[in-house]
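Before any comments, here is the structure.
The values are calculated or read from the model by the stated rules, or taken from the named source; none is laboratory data. Everything quoted here is computed from the prediction, not taken from an experiment. Backbone-built Cβ (ideal geometry, glycine too); neighbour counts: all protein chains shown. Heavy atoms of the whole protein, side chains included, go into the accessibility calculation; ligands, DNA and RNA do not. Shrake-Rupley method; radii C 1.70, N 1.55, O 1.52, S 1.80 Å.
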Amino acid sequence: MKLLVRQRARELLKSSNVLIKNNPSSLRSKFLGKVKKVTVVTAAYNAEKFIRKTIESVINQSIGIDQIEYIIIDDCSTDGTNKIIQEYTAKYKNICSVTLQENNGSPGTPRNIGIELGTSKYITFLDADDWLAHDGLENLYNILEETGDDYVVGKTVKVEAESESVIGEFASIKERRSITPMDVPHFFYHMGPTARMMNLSMVKENEIGFPNMKFGEDKWFFTDVFFKVRAVSTTKKPIYYVNRTTENSSSLTRVTNMLDKRKADVEIIRYIQSKDIDIELKKVALNRIYEYDIVKTFDSQTFVKSKNKDDFIEILKEAVETTKNLSYDFKDEFKVPIYKFAIELFMEDRIDDFIKLFEWLKRDSNKKYHIKDCLPYYELPFLEEKYRYVRIPMLARAMDSYVMDNVYHQSFEIYGDDINNIDSVLIRDRKRIDNEINCRVQMEGNRGHFTVSLDEIDRMENSLFTLFIRYNDYQLVNIKRILKNKMTYNKKNVEFYTTVANNLGLAIKSLE
């Protein structure tokens with residue numbers, strides 16, 4: 001029996017508690033308008049500060065507003081959100097407004113209303129405080145039309161007060177066409193609604209929807225999507241901008257308590273376990289939550305500084321309890337060695353050592369490393385014997401550096417599982433996503449060497465940068481330790497240096 005998570009949306013649409021303007025499903029709309037290329041759904045609640053920018057980003061899409069069916073659901077806002085929505089509804093006949101008389105406490109049901117009302121071939125979701133890249137919809141639409149795939153995802157850019165960064169970079173690191181979710185490592189790790197478009201009929205026919213949860217409804221929805229898609233594509237192009245500026249301090253992601261998030265994750269675990277699906281798909285989906293959401297929570301300042309650590313431990317106990325229903329050892333699926341090590345300590349009831357491990361990870365900035373058989377390990381000062389060392393996936397350390405003929409040369413040594421899969425050295429701006437350099441790497445065994453010309457550096461905007469070794473397409477590892485190497489070039493100070501965390505960094509400053 002299917003769980004009809006969209007049933008509440010259907011009931012609301014039949015009730016008198018909903019006011020709809022420009023209903024795309026009405027006979028008048030069907031008679032007067034052609035089917036649009038894509039449906040955009042925005043669930044809004046008290047978003048008056050940002051929703052105008054959100055709506056304008058849809059109106060100004062390069063695909064043309066006449067090709068868009070835009071459904072905005074106001075979840076009983078108490079500010080001026082609805083007034084702004086009605087302003088646009090009056091001006092554009094293909095902008096549909098749905099006004100709810102009672103708040104749902106979650107974007108789940110409002111988004112489901114958008115799914116129910118949608119009539120286009122494809123659907124995408126846009127939060128009421130975010131915005132789209134000018135050609136975002138067109139880029140996603142063209143890929144789906146060219147491939148016939150069910151789903152496509154592009155680049156999500158997180159915008160903070162003074163910086164930008166890419167969310168879930170593994171999903172948008174390169175152009176991919178007609179693959180499966182299993183073909184992209186960590187594909188299940190980026191489960192928000194951002195920067196993605198999918199076949200609406202696939203969603204409707206498979207009864208896929210958002211549960212009415214305060215947190216985790218996205219994971220529930222997109223897990224079901226990934227279980228049903230035949231093929232997916234990815235693109236490097238920027239599609240979606242997530243608003244995490246200081247002015248947006250009341251966003252649901254920020255105000256939801258971390259413990260509440262993890263409780264929701266346990267509920268999602270039980271839901272996934274109930275699904276009759278391929279065991280390998282189930283393993284990937286469950287491990288995303290066991291390792292990345294629940295265990296990784298302990299690798300945070302929130303946990304380390306918490307005075308109520310027992311509350312976190314209780315949720316982990318509840319999550320571990322769910323693993324007893326599995327036909328495999330869930331620990332074997334963990335990708336990060338130290339998280340697997342941590343859960344093993346926990347399963348042996350070494351709770352104090354489990355807590356000490358994460359306190360040490362977050363507080364000790366001068367960790368001791370150990371190399372054995374060309375593989376790197378942390379040396380844990382508070383544990384003995386077989387617990388003394390724990391694997392690290394990759395470890396890179398800076399060696400000699402010099403400048404010759406206006407070219408900076410840097411050598412390094414690197415240890416780990418993937419030294420044969422090193423792609424480049426990435427010099428990345430800490431604040432902007434479009435101010436970076438990729439440097440070719442020459443490898444000989446576990447020794448590497450890269451160069452970057454001062455002319456290339458001169459073309460970069462002044463900023464602070466971090467240097468990474470990129471491997472497996474999208475994974476990054478810092479380069480540890482270097483003596484300061486400072487030079488002046490074209491009226492700029494260029495300095496390669498060691499950061500507070502003992503990583504290799506670059507600072508560019510103008511002398512004028």
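Place a label point 7 angstrom from the Cα of residue 147 along the Cα-to-Cβ direction, then list the residues of the stretch 167-181 whose backbone nitrogen is under 13 Å away.
Label zone hits: 171-181.
Where a Cα-Cα gap under 12 Å defines reach, which aspartates and glutamates qualify for residue 367, not counting those fewer than 8 residues away within the same chain?
Excluding near neighbours in sequence, the set is 379.
Sort 220, 131 by heavy-atom solvent-accessible area, probe 1.4 angstrom, most to least.
Correct descending sequence by accessible area is 131, 220.
So which of 158/340; 36/335; 155/335; 283/309 end up more than 32 Å apart, counting from Cα to Cα?
The answer is 36/335.
Order 374, 76, most accessible first, counting only protein heavy atoms with a 1.4 angstrom probe.
374, 76
Considering only protein heavy atoms, what per residue accessible area in square angstrom results for the chain with a 1.4 angstrom probe?
46
What's the percent breakdown of Cα-Cα distances in the stretch 369-512 across 10 Å bins, shortest bin first?
Histogramming the stretch 369-512 at 10 Å steps yields 11, 40, 31, 13, 4, 0 percent.
Report the Rg/Rh value for the stretch 369-448, based on alpha-carbon coordinates and the Kirkwood definition of Rh.
Using Cα coordinates only, the ratio equals 1.08.
Restricting the count to DSSP beta bridges whose residues both fall in the chain, what percent are antiparallel, rounded to a multiple of 5?
Within the chain, antiparallel bridges account for around 75 percent of the total.
With every protein chain in place, what's the accessible area of residue 405 (1.4 Å probe, Å², nearest 10)?
Near enough 140 Å² of accessible area.
In whole percent, what relative contact order does the chain give with Cα contacts below 8 Å and a gap of six or more residues?
Contact order relative to length: 10 percent.
Can you compute the charge dipole magnitude of the chain about its Cα centre, using +1 on each Lys and Arg Cβ and -1 on each Asp and Glu Cβ, nothing else charged? Give it in debye, rounded to the nearest 20.
Dipole magnitude for the chain comes out near 680 debye.
Ordered by packing density, taken as the mean number of other Cβ atoms within 10 Å over each peptide's residues, highest first, how do 287-297, 267-277, 417-427 rank?
Most protected by this proxy first, the peptides run 287-297, 417-427, 267-277.
Taking the Cα centroid of the stretch 354-377 and of the stretch 487-512, what is the distance between the two, rounded to the nearest whole Å?
With the stretch 354-377 and the stretch 487-512 each reduced to a Cα centre, they are spaced 28 Å.
Can you give the net charge of the other residues whose Cβ lies under 13 Å from the Cβ of residue 101, counting K and R as +1 and D and E as -1?
It works out to a net charge of -3.
If the cut-off is a Cα-Cα distance under 17 Å, which lysines reach residue 34, setting aside same-chain residues fewer than 8 apart in sequence?
Straight-line reach from residue 34, under 17 Å: 93, 121.
Lys and Arg at +1, Asp and Glu at -1: add these up for the other residues within a Cβ distance under 11 Å of residue 423 and post the number.
Computed value for this residue: +1.
Quick one: Kirkwood hydrodynamic radius for the stretch 90-159, alpha-carbon pairs, angstrom, one decimal?
14.6
Along the positive direction of the dipole of the chain (beta-carbon charges: Lys, Arg +1; Asp, Glu -1; about the Cα centre), which of 358, 50, 125 reaches farthest?
The residue sitting farthest along the positive end of the dipole is 50.
If one puts a single equal scatterer on every Cα of the stretch 234-354 and applies the Debye formula without solvent, what log₁₀ I(q)/I(0) results at q = 0.17 Å⁻¹?
The calculated log intensity ratios at q = 0.17 Å⁻¹ are -0.96.
With every protein chain left in place and a probe of 1.4 Å, what is the accessible surface of residue 310, to the nearest 10 Å²?
That residue has around 110 Å² of solvent-accessible surface.
Determine, for the stretch 384-512, the count of lysine pairs separated by eight or more sequence positions (or lying on different chains) whose alpha-carbon distance falls under 20 Å.
So the count works out to 7.
Ignoring everything but the protein chains, give the 1.4 Å probe accessible area of residue 449 in square angstrom, nearest 10.
Its heavy atoms expose roughly 50 Å² to the probe.
How big is the C-alpha Rg of the chain next to the rule-of-thumb value 2.2 N^0.38 Å, as a ratio?
This ratio for the chain stands at 1.06.
At a 1.4 Å probe, what is the % contribution of carbon and sulfur to the accessible area of the chain?
Result for the chain: 46 percent of the exposed heavy-atom area is carbon or sulfur.
Obtain the radius of gyration and the Kirkwood radius of the stretch 27-115 from its C-alpha atoms and give Rg over Rh.
0.96
Quick check: net charge around residue 116, other residues with Cβ under 9 Å of its Cβ, Lys/Arg +1 and Asp/Glu -1?
With Lys, Arg at +1 and Asp, Glu at -1, the net is +3.
So if I take the centroid of the Cα atoms in the stretch 93-167 and the same for the stretch 261-292, what is the distance between those two points in Å?
24
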